[in-house]
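Worksheet: one structure, shown below.
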Amino acid sequence: YYESEKIQDYISDIIEAGGKTNKIGHLNKLYPNLNSVEISLRFNNDYCCIDDPIIKHKTNRIFNKLFIGKKQLEDYNYHPESSTVKQNPKLKEQRKVTFNDKTKYIYMHLKITSNWSIYAEITDNTLFLGQITKHLDTKKH
């Protein structure tokens, strides 16, 4: 079912469901304890506003592989921010996203390209999709 769907339509359905949803496709094959996906409004806006067709295509392929249960986040260039970012208030603030009126800092990110990342993490049996963004500020940049 999910392999035959266009993933961008599936993601749109998830986003339109708003906030937290149990529409997780086959993610539970990869993460057996996962039972929901929570999407920030920021993620929705970022995804809808990607105007670079290459970034949009790569993002769709990543989510396609995730939701059909073929690849985990960890199969990509997925890693945490440095302790410097976490301890610097200005840099930390850029990783803050809101989920249903709850603030959460998302430090794990998956690099789409050297300049684009998806900020997402799994905690409390939920995949949190925080933002899709060009390179955020770091100590180096």
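Since every read-out is calculated from the coordinates, none of them should be taken as a lab result. Given the structure is predicted, the values throughout are model-derived calculations rather than measurements. Because the Cβ atoms are built from the backbone with ideal geometry, glycine has one as well, and the counts that use them run over all protein chains shown.
What the table shows:
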item: Percentage of interatomic Cα-Cα distances in region 54-132 larger than 15 Å; result: 59 percent
item: Ordering of 34-41, 97-104 by packing [mean C-beta count within 10 Å, highest first]; result: 34-41, 97-104
item: Stretchable slack from Ser83 to Lys104, in nm (0.36 nm times residue separation minus alpha-carbon distance); result: 5.9 nm
item: Where N is the number of residues in region 41-96, Cα Rg divided by 2.2 N^0.38 Å; result: 1.40
item: Point-to-point label distance, Cys48-Lys90, nm (Cα→Cβ direction, 7 Å offset); result: 3.2 nm
